[in-house]
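Below you'll find the structure, written out as structure tokens, and then a few comments.
Computed from the coordinates by the stated procedures, all read-outs in this text should not be read as laboratory data. For clarity, every value in this text was computed on a predicted model and none was experimentally measured. So basically every Cβ, Gly included, is an ideal-geometry build from the backbone, and we count neighbours across all protein chains shown.
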Amino acid sequence: MLSLKDINAWYGLSHVVQGISLDVRPGEVAAILGRNGAGKTTLLRTIMGLIDRRSGIVEFDGTDIMQMPIHERYHRGLAYVPEDRRIVPGLSVRENLRLGFVGLRAKAEEEAVIAEACETFPRLRQRLDQEGVTLSGGEQQMLAIARALVAKPRMILLDEPSEGIMPVLIDEMYELFKRWKQQGLSVILVEQDVERALEVADRAYIVDQGRIIFAGTAKMLLNDREMQERYCSV
Ligand SMILES: Nc1ncnc2c1ncn2[C@@H]1O[C@H](COP(=O)(O)OP(=O)(O)O)[C@@H](O)[C@H]1O
Ligand SMILES: [Mg+2]
């Protein structure tokens, strides 16, 4: 479904992603792990076309999307929830959800889509008219995920969704990820919380200094304490 071939990315002269190749199959959850600064966020941004200096092939459903504009990637069913969530100040929860809409679904569907988001995230229902940035960190994360789901993606890229969030909300979020698996939504999950990630992941990759230094099943990594300790601690 998603196939990365020899992906490289640079910030100025700094070569941050160095020849990453990997495949994610339909309905699979792929965990991407690794220490802070390893290049995980840059890899996701490269997949979405947000890094100017990049090379390699990003194949989505057999088409190279590397040169396509970001909205075209969304059209094709790829969604992205960035690390900093990007809840827009001055807009209500409802208006933030609407942003996920633009150009992707008919305006007439709006009420249905918002109702659907509230069903998935009941915490948002009471807060639809509240300014998005006044929500708690965990609720903002849910809003960011809900906004990505509006486009009905077939694959979603999540960058450290549990970071800075209360454990009870992390539990809720991971329950959702498990439901996604049953629905066949494919996921790339970048996480610091290795145990949680490996609980839902099918495959796991460890990135270190811009390269993949481990690729295997989630189970293989779960059983490899040394690998986890050496490369996944913050
Ligand atoms: N906008 C940027 N400009 C220059 N260097 C950056 C920028 N963003 C990240 N970096 C550097 O690129 C490397 C990889 O960062 P990042 O992809 O954010 O890692 P991770 O998500 O694994 O923590 C780090 O050394 C970081 O300092
Ligand atoms: Mg990061």
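Once the Cβ-Cβ distance between ASP61 and GLU199 is put in as r, and R0 is 22 Å, what FRET efficiency do you end up with, to the nearest 0.05?
The calculated FRET efficiency here is 0.20.
Residue by residue, the range 15-26 carries 3J(HN,Hα) couplings of 8, 8, 10, 10, x, 8, 10, 6, 10, 10, 8, x Hz when phi is fed to the Karplus relation 6.51 cos²θ - 1.76 cosθ + 1.60 (θ = phi - 60°); x denotes Gly or Pro.
Taking 0.36 nm per residue of sequence separation and removing the Cα-Cα distance, the VAL88/HIS75 pair yields an extension gain of 2.5 nm.
Taking θ as phi - 60° and the Karplus parameters 6.51, -1.76 and 1.60, the scalar couplings of the range 154-168 work out to 9, 9, 10, 9, 10, 9, 6, x, 8, 5, x, 10, 4, x, 5 Hz in sequence order, x denoting glycine and proline. Just tell me which lysines come within less than 20 Å, Cα to Cα, of LYS181; anything on the same chain fewer than 8 places away is out. Reachable lysines: LYS152, LYS219. Between the amide H of LEU157 and those of ALA79, TYR80, VAL81, ILE188, distances stay under 5 Å, these residues lying 5 or more places away or on another chain, with hydrogens modeled in the peptide plane.
Proximity of backbone amide H atoms, modeled 1.01 Å from N, is registered between ASP64 and no other residue at under 5 Å, excluding neighbours fewer than 5 places apart on the same chain. Taking label positions 7 Å along the Cα-Cβ direction at both GLN209 and SER3, the computed distance is 3.0 nm, reported to one decimal.
Evaluate E = 1/(1 + (r/R0)^6) for ARG230 and VAL168, where r is the Cβ-Cβ distance and R0 equals 45 Å; express this FRET efficiency to the nearest 0.05.
Numbers: r = 31 Å, r/R0 = 0.69.
With a Förster radius of 45 Å, E is 0.90.
Note that the range 43-57 has calculated 3J(HN,Hα) couplings of 4, 4, 5, 5, 4, 7, x, 9, 10, 5, 9, 8, 8, x, 10 Hz, one per residue in order, obtained from phi through the Karplus relation 6.51 cos²θ - 1.76 cosθ + 1.60 (θ = phi - 60°); glycine and proline are x.
Shape call for the range 74-203 from the C-alpha gyration tensor, a ≥ b ≥ c root eigenvalues: rounded (a/c under 1.5), prolate (a/b greater than b/c) or oblate? Spell out each step's value before the answer.
On the way: a/c = 1.77, a/b = 1.27, b/c = 1.39.
Here the range 74-203 falls in the oblate category.
Mind running the shape call on the chain? Use the C-alpha gyration tensor, a ≥ b ≥ c as the square roots of the eigenvalues: rounded below 1.5 for a/c, prolate if a/b tops b/c, oblate otherwise. Here the chain falls in the prolate category.
At 0.36 nm per residue, and after removing the present C-alpha to C-alpha distance, how many nm does the segment from GLU109 to ARG179 gain when stretched out fully?
22.9 nm
Using R0 = 22 Å, the C-beta based FRET efficiency linking HIS15 and LYS219 works out to 0.10.
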